[in-house]
Each structure stands twice: as structure tokens, then as C-alpha cells.
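The values are calculated or read from the model by the stated rules, or taken from the named source; none is laboratory data. Nothing here was measured: the structure is a model prediction, and the numbers come from that model. All Cβ positions, even for glycine, are placed from backbone atoms using ideal geometry, and neighbour counts span all protein chains on display.
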Amino acid sequence: MTSEVTKQKTEYLDSTKQGWRILYGFLLLFLFSTNFHAQTKTINVCASCKTKTIKDAVSFAKDGDTILVKKGLYKETQIFVKKSIHLIGEDYPVIDAENKTDSVFAISANNFSISGFKFINIGMSYTKEIAAIFVSHSKNFTLKNNLLNNVFYGFIIQSSKYGLIQNNKVTGNAIDETSSGNGVHVWKCKNLRIEQNTITGMRDGIYLEFVNKSFISNNTSKNNIRYGLHFMFSHYNEYHHNEFKTNGAGVAVMFSKFIKMHHNTFHYNWGTAAYGLLLKEINDAEIYENIFEQNTTGINIDGCNRINYKNNHFIRNGWALKFTGGCYTNVFEFNNFMHNAFDLSYNSRLNDNKFEANYWSEYTGYDLDKNGIGDVPFRPVKLFSYVVNKTPETLVLLRSLFVDIINFSEKVSPVFTPDNLMDNKPLMKPINPLE
């Protein structure tokens, strides 16, 4: 009996000691955390402040510090940041790079942020990449609420991850591709969010290469001389609720797989080689709920396989869809094709793609059983589109009686177009028509 009591007493004392150890550990952690936060500080920068330049403030700062830059003009470049600090502009202080061939901020750090600045006059170079903000080998960073005017490159991000680029406005004066840079240029990164930015007058609005598992959303990219968005070798990404308007050639998507593009607007991208969206060697993708309006070509598809196109609107384009390479096992369903000069251009007599339950404004069939589905199939490929592909000059005959006659003859007895490329269930009414 005595031994049992002794055993219980010993266990009680051990558990009490363990409890005190845990409490002591929490107390040390609390004291360390409080001490750490007490050591962080805010450094003010202005003409009348103790610290007058951003570069000096960065050299004085320690990890966790905040640099508050007051309104004013700062003529600085080559500000190297290798610390976890936060730079905040008050009332948009202006950083003038004076067209020097150096980036303003060159950053290689984790857990930093830059917000509230106006950058102007970023110099141009043919031999190196120069940006308002150049980030490399970093993670957990935020770049937001900045204004960038007359820049060569806006942001360059390389070999980095877990970053947010949000609500920035980038404006360039691009004249040609060789003497201009990109608004947001990203290389070899992952887990980024690029959202709510407005980019105009650059070479490419947003350029991504070897970028994976990222989200590009709610951006406006317009009046850029090449592409509104351009990405290559970038997998498992999602692009949604962006607007691409009056760019040289819309959006180019190349050599990528497992992507989602939805709720984007591609419009007014006109030119001899312009399109809303170029897809080249894309596999296993989802493209849905997008608007392609008034582009030379809505989507140019080259060597793409296993893509689902659903609930897209193709409105008043030159070509809604143009196939220029071997494309297999693609599915087009529940899309609206409305008032395009050509709904579909196809470059082969073999077809392995499915067109079903789409609305075609040129469909003249009937629906006797009133189930909303046409009783006769619709052939979207016209002989004249085949002729135009072979001889572009014949486009001047569009809307002529001669074209109507040759299209009708091909419809009755297909010779040059795939005889199995048809929509067997054409819809009689548009799907969710735009207001």
C-alpha cells in the first residue's frame, strides 16, 4: 500500500515538473517575441528628416524594420535590398531614375514589401534587363499600389516564389519590340499572384516563362505593341477575369499544359497577324466563359490536344477559330458563334475534334420537335474559308453571290472540307447571351 502511494506521489511530482517546464517555455517564447517586436523600428525619409535618401535608410535598416518615405522627389537607382524590410511611400513619393541604365530596386530577400511609390524614367539597355523593381531568389514578398511611368521594364521577377504583385499601374512608351520591355516579366518562378494591375504601352503586358502554379487575375492589359499576355513553358496556372484590349496580337500561350483560362475578355485585337488568343502546343487545358469579340482571329490553334472549350462567346471576329496544325481530341460545346466572318477555318480533311451543342448564328435549320436543338446538323467549315487560306487575296469576294454558291455546293457534297466535322446538335438560341 505504501509503495502504491509513493508511486502515485512520484508520478504527480513528475507531471507537475513537466507542466512547469511547458509554462517556462511559453514564457521564454513570449518574452523573445515581445523583445523582437520592441527592437523593430520605423525609419522616416524626407528632405528635412535625419535620413534623406532611401539608399541610406535601407543601409541603416534591420530585418523587420519599416522605411516610410515621405512625399517628394528622390533621384536614386541601385538600391540593393537584402533584408526583410517594408518600404512604404506616403502620398506617392517620386523616384526618378533619370534614364540611367540601372534598376531602382535590386532585391534578393525574403518577407519584404514595397508599396505606394511612383517610378519614372527607367533607362533602356540592349544588353541587360533594367526595371523599376528587380527581384531575384526571394520568397514571401508583396509589390502593390505602385505607379510606374516611362519605364523600360516595370517588374522583373526571377527564381522566386510566394509573391504578390497587386494593383500597380505600369505605363510605357514602346515604339518597337527591340527598344521596349515588358510590364511584368517573370522567369522561373512559382506560386505567384499577379492581380488587379493595369499595363499599357509596353512590349508585352505580362510575360511568363517557366512559371508554375500561379494565378493571374483581374488585370487590364491594353495598347501593348506585341502581346497583352505572353507565357511559355508554364504549367498548372490559372488565368481569369483579365481584359486584353487593342494589343498587337492579343495573348500568346505556348508549350504549356494543365492550364485554366476563364472569364477573360479578348477584344479589338486587329492586324494582319493578330488574334485574341494564340494556342501553340498546349495540352490538357480548360478554356471557358471567355469573350472573344472583334479580333482578326478569336483563337488561333496550332498543335493543341485534349482541350475543353465551353461557354465561350465568339462575336464579330474575322475568324472565330482557326486551326493551323494537327489538333486532336478537343471538345467544343455550349459556345456561342455569333456574326463572325468565318466561324471555323480548318486545314486538314481529318477531324478528331468534337463540336456539339453550340449556337451558330449562321445556322438556318429547323426545330420541328421544339426541343431547342436543330433537327439537321450544321457544318461550320465553309469552302470559301478553305480558299482564303490558300489564296488570301480572294477575301475581297466575301459576301458575294459567287461565295454563297460555292459554299452551298460544298455543303451538299463535301470534297475539300472534313465530312465529319459538324455539329449534330446545334442550338436554336444563344447560351447566356451577353447583355
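The table for this structure:
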quantity	calculated
Evaluation of Asn173 against (1) modelled with pLDDT under 95; (2) within 30 Å of Gln39 (Cβ to Cβ) (one fails), failing number	(2)
Condition met for Met202 (surrounded by fewer than 17 Cβ atoms within 10 Å (Cβ to Cβ) and either among the hydroxyl-bearing types (Ser, Thr, Tyr) or over 16 Å from Ile79 (Cβ atoms) (or both))	no
Strands (runs of 3 or more DSSP E) within the stretch 51-162 that include 2 or more residues in contact with a Lys or Arg (Cβ under 8 Å, 6 or more places away or on another chain)	94-96, 113-115, 147-149
Top-ranked residue in the stretch 325-379 [being closer than 22 Å to Asp284 by Cβ, among the polar types (S, T, N, Q) and surrounded by 18 or more Cβ atoms within 10 Å (Cβ to Cβ); ranked as farthest from the chain's Cα centre (by Cα)]	Asn351
Residue match in the stretch 47-68 (condition: over 39 Å from the mean Cα position of the chain (by Cα), among the polar types (S, T, N, Q), at pLDDT below 60 and surrounded by fewer than 10 Cβ atoms within 10 Å (Cβ to Cβ))	no
Single match in Asp352, Asp284 (criterion: part of a loop (DSSP other than H, G, I, E, B) and of a type in the set (Asp, Glu))	Asp352
Residue, modelled with the lowest pLDDT, within the stretch 287-317, restricted to residues that are buried (at least 20 other Cβ atoms within 10 Å of the Cβ) and not in a strand (DSSP E or B)	Thr296
Extreme residue, surrounded by the most Cβ atoms within 10 Å (Cβ to Cβ), among residues of the stretch 228-251 that are in a strand (DSSP E or B), in contact with a Gly (Cβ under 7 Å, 6 or more places away or on another chain) and of a type outside the set (Phe, Trp, Tyr)	Gly228
Odd one out for Phe26, checked against (1) in a strand (DSSP E or B); (2) modelled with pLDDT under 95; (3) not aliphatic (A, V, I, L, M)	(1)
Scan of the stretch 208-227 for residues that are farther than 16 Å from Gly163 by Cα, among the charged types (D, E, K, R) and not in a strand (DSSP E or B), ordered by number	Arg226
Selection status of Asp367, on the phi > 0 side of the Ramachandran plot and touching a residue at least 12 places away in the same chain (Cβ under 8 Å)	no
From the options Lys390, Lys354, residue that is of a type in the set (Lys, Arg) and modelled with pLDDT under 65	Lys390
Filter result for Met261 (part of a loop (DSSP other than H, G, I, E, B), closer than 23 Å to Asn295 by Cβ and at pLDDT 95 or above)	no
Search result, residues across the stretch 227-284 that are in contact with a His (Cβ under 6 Å, 6 or more places away or on another chain), of a type in the set (A, V, I, L, M, F, W, C) and over 21 Å from Ala174 (Cβ atoms)	Phe258
Residue match in the stretch 176-195 (condition: aromatic (Phe, Trp, Tyr) and either buried (at least 19 other Cβ atoms within 10 Å of the Cβ) or outside any strand (DSSP E or B) (or both))	no
